[in-house]
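Accompanying notes for the structure given below.
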Amino acid sequence: MIKRLTKTRTKYKLLCFPIYMEWLRLLLLLLLLTSLAITNHVSCSCSWDLEAGPSLELSQLSRELLDSARQPEFFDWLKRVRRRIHENPELAFEEHETSQLIRSELDSLGIQYTWPVAETGLVASIGSGAQPWFALRADMDALPIQELVEWEHKSRNLGKMHACGHDAHVTMLLGAAKLLQSKSKEIKGTIKLVFQPGEEEHAGAYHMIKEGALDKIQGIFGLHIQPLMPVGTIGSRPGPFLAASGRFSVTIHGKGGHAAFPHLATDPILAACSAVLALQQLISRETDPLDARVVTVGMIEGGQAANVIPETVRLRGTFRSMTSEGLNYLQQRIQEQVIEIQASVHGCTATVDFMLEKMKPYPATVNDEAMYKHAKNVGETLLGEPNVKLVPMSMGAEDFSFYTEKMAAAFFMIGTKNETLDPNTIWHSPNLVIDEEVLPIGAALHAAVAISYLDNIDAAVTY
């Protein structure tokens with residue numbers, strides 16, 4: 001009887017074994033599918049969160065930050081900082097006192113920083129120090145322009161002026177630093193504040209990157225004043241936004257002589273005029289009318305007397321395109337097939353210098369679409385949807401473009417226009433006036449973009 005039962009059990013186990021294996025296989029398949037579903041949900045939720053519309057939490061955060069920045073004591077501090085910087089403009093890589101002012105303000109706030117970076121720049125850190133890292137950027141340098149605005153805080157440095165609003169940029173980022181430091185324990189990661197030298201023609205952003213100041217940073221946001229947009233508005237666009245830009249300096253060598261006997265001389269002025277006209281044909285006859293490119297000669301220098309043919313003529317200009325390919329094409333044509341050949345036709349020689357090291361060409365500024373949507377959502381929450389504008393592409397150039405090549409980036413314009421002030425000035429004007437009401441707006445926008453970015457990334461990764 002016992003032997004019969006043993007045989008029966010053995011036979012039963014043998015019959016059930018395939019069923020057990022099938023159930024085990026189904027269980028493993030179910031676990032695998034569940035794991036894939038969770039992974040896909042996490043990876044999708046990251047981009048979805050960054051592009052999501054305004055939430056209640058973001059609305060509360062934005063309002064709290066803007067209200068804080070508009071408090072009389074806070075706003076008065078912003079104005080004092082901006083005016084001190086405006087009174088003491090410094091050119092590219094000479095921003096020693098501006099850098100000292102920034103460091104003093106950061107010290108007073110208890111914010112740590114790395115200095116010097118790219119000679120006069122610095123990078124401050126707020127938060128846990130852990131990843132993820134997000135950056136906010138402001139440029140510090142002024143322009144070689146004599147200010148013509150008569151007011152109490154007019155530039156005290158002869159021939160130098162903050163005519164592009166970099167004094168406001170620095171002030172808004174310091175304002176953001178103060179707001180962020182008050183919430184440092186709530187920041188889910190680390191926010192880097194990039195105070196950058198040498199934006200005007202000297203590619204300061206390139207040198208900041210070269211020195212490793214932006215290593216390990218996942219995203220970056222920047223603001224630039226826009227004197228033609230009202231205070232309380234911002235604007236940008238996804239994808240290509242600002243042009244790639246290069247510069248050239250040309251010397252045409254001829255043979256000097258008396259203006260009454262041109263046949264005994266070789267006239268470099270005539271060669272220069274022909275070269276300038278030929279350069280315009282690169283745009284009018286070689287460029288697709290729907291492809292934005294520019295070649296402009298902004299300086300010609302030659303001769304000192306009306307009756308003398310000079311030995312040399314010098315000219316300088318800029319060339320721009322919305323693509324790096326277009327910029328490279330223009331550079332090749334300008335040197336090899338326009339200026340040098342035009343000089344040769346008139347019996348002259350020419351040297352062309354693109355100043356590739358001293359004034360490194362700027363790539364196009366291309367906004368990352370997800371980062372643009374994130375900043376746009378924050379702006380709509382802070383200022384209202386009608387006050388966030390989709391602006392057209394511009395042939396202006398910005399060295400923020402170097403950051404856009406390295407990481408997810410968004411660059412926005414912020415309005416400074418006030419009809420009761422001078423409403424008709426623009427960047428690089430000796431009459432530039434900005435409405436200081438922009439300062440708390442920019443400070444709050446910077447802080448809200450950074451905090452909400454880290455909140456969304458953190459929420460997605462830790463799902």
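The values are calculated or read from the model by the stated rules, or taken from the named source; none is laboratory data. Predicted model, so just to flag it, every value in this text is computed and none were measured. Using ideal geometry, Cβ is built from the backbone for each residue, glycine included, and neighbour counts are taken over all protein chains shown. We work out accessible area using only protein heavy atoms, side chains counted, and drop any ligands, DNA or RNA first. Shrake-Rupley method; radii C 1.70, N 1.55, O 1.52, S 1.80 Å.
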**Request:** Search segment 151-174 for residues being surrounded by fewer than 24 Cβ atoms within 10 Å (Cβ to Cβ) and in contact with a helix residue (DSSP H, G or I) (Cβ under 6 Å, 6 or more places away or on another chain), and hand back the single one that is nearest to Glu90 (Cα to Cα).
**Result:** Arg156
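Of all residues in segment 175-203, how many are in a helix (DSSP H, G or I) and open to solvent by less than 10 Å² (accessible area, probe 1.4 Å)?
Looking only at that region, the number is 5.
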**Message:** From the list Ser125, Ser155, exactly one residue is within 25 Å of Ser452 (Cα to Cα), outside any helix (DSSP H, G or I), of a type in the set (Gly, Ala, Ser) and assigned by the TED database to the domain that holds Leu66. Which is it?
**Reply:** Ser125
**Message:** What's the total number of residues in segment 414-458 that are in contact with a helix residue (DSSP H, G or I) (Cβ under 6 Å, 6 or more places away or on another chain) and at pLDDT below 90?
**Reply:** 1
**Message:** Go through (1) within 19 Å of Leu109 (Cα to Cα); (2) out of contact with any helix residue (DSSP H, G or I) (no Cβ under 6 Å at 6 or more places or on another chain) for Ile126 and report which single condition fails.
**Reply:** (2)
**Asked** Is it true that some residue in segment 75-91 is hydrophobic (A, V, I, L, M, F, W, C), open to solvent by 20 Å² or more (accessible area, probe 1.4 Å), farther than 15 Å from Val438 by Cα and not in a helix (DSSP H, G or I)?
**Response** yes
**Message:** Being touching a Phe, Trp or Tyr at 6+ places or on another chain (Cβ under 6 Å), open to solvent by 30 Å² or more (accessible area, probe 1.4 Å), more than 27 Å from Ile126 (Cβ to Cβ) and not β-branched (Val, Ile, Thr) narrows it down to one residue among Pro238, Pro262; which is it?
**Reply:** Pro238
**Asked** Among the residues of segment 358-390, which ones are open to solvent by 20 Å² or more (accessible area, probe 1.4 Å) and in a loop (DSSP other than H, G, I, E, B)?
**Response** Lys358, Lys360, Pro361, Asp368, Gly384
**Prompt:** Is it the case that some residue within segment 304-317 is without any contact (Cβ under 8 Å) to a residue 40 or more places away in the chain and assigned to a strand (DSSP E or B)?
**Reply:** no
**Request:** Kindly list, by first and then second residue, each pair from a residue in segment 433-453 that is touching a residue at least 60 places away in the same chain (Cβ under 8 Å) to a residue that is surrounded by 24 or more Cβ atoms within 10 Å (Cβ to Cβ) and among the hydroxyl-bearing types (Ser, Thr, Tyr), limited to pairs with Cβ atoms under 6 Å and residues at least 6 apart or on different chains.
**Result:** Ile434/Thr416; Asp435/Thr416; Val438/Thr416; Leu439/Thr171; Ala448/Ser62
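Go through segment 330-351 and count every residue that is at negative phi, part of a loop (DSSP other than H, G, I, E, B) and of a type outside the set (A, V, I, L, M, F, W, C). Give the derivation first.
Pass one, segment 330-351, residues at negative phi: 330-346, 348-351.
Next, from what is left, pick out any that are part of a loop (DSSP other than H, G, I, E, B): 346, 348.
Applying the additional criterion that residues be of a type outside the set (A, V, I, L, M, F, W, C) yields 346.
Selection size over segment 330-351: 1.
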**Message:** Exactly one of these conditions fails for Trp427: (1) farther than 27 Å from Gly159 by Cα; (2) more than 13 Å from the chain's Cα centre (by Cα); (3) not aliphatic (A, V, I, L, M). Give me its number.
**Reply:** (1)
**Prompt:** Of the residues that make up segment 204-226, is at least one in contact with a strand residue (DSSP E or B) (Cβ under 7 Å, 6 or more places away or on another chain), crowded, with 19+ Cβ neighbours inside 10 Å and more than 25 Å from Thr114 (Cβ to Cβ)?
**Reply:** yes
**Fill in**
Reported set for segment 265-318 where residues are surrounded by 12 or more Cβ atoms within 10 Å (Cβ to Cβ), hydroxyl-bearing (Ser, Thr, Tyr) and within 40 Å of the chain's Cα centre (by Cα) is Ser274, Thr287, Thr296, Thr312, Thr318
**Asked** Would you call Thr312 hydroxyl-bearing (Ser, Thr, Tyr) and either in contact with a Lys or Arg (Cβ under 9 Å, 6 or more places away or on another chain) or outside the structural domain of Val250 (by the TED database) (or both)?
**Response** no
**Fill in**
The condition from (1) open to solvent by 50 Å² or more (accessible area, probe 1.4 Å); (2) assigned to a helix (DSSP H, G or I); (3) hydrophobic (A, V, I, L, M, F, W, C); (4) over 18 Å from Val276 (Cβ atoms) that Leu327 misses is numbered (1)
**Fill in**
Inside segment 283-301, the number of residues satisfying the requirement of being of a type in the set (Asp, Glu) and at pLDDT 95 or above is 1
**Message:** Condition check: over 24 Å from the mean Cα position of the chain (by Cα), farther than 24 Å from Ala447 by Cα and at pLDDT 95 or above. Does His153 satisfy that?
**Reply:** yes
**Asked** Conditions: (1) among the hydroxyl-bearing types (Ser, Thr, Tyr); (2) open to solvent by less than 10 Å² (accessible area, probe 1.4 Å); (3) free of Cβ contacts under 8 Å to residues at least 12 places away in the same chain. Thr98 meets all but one. Number of the miss?
**Response** (3)
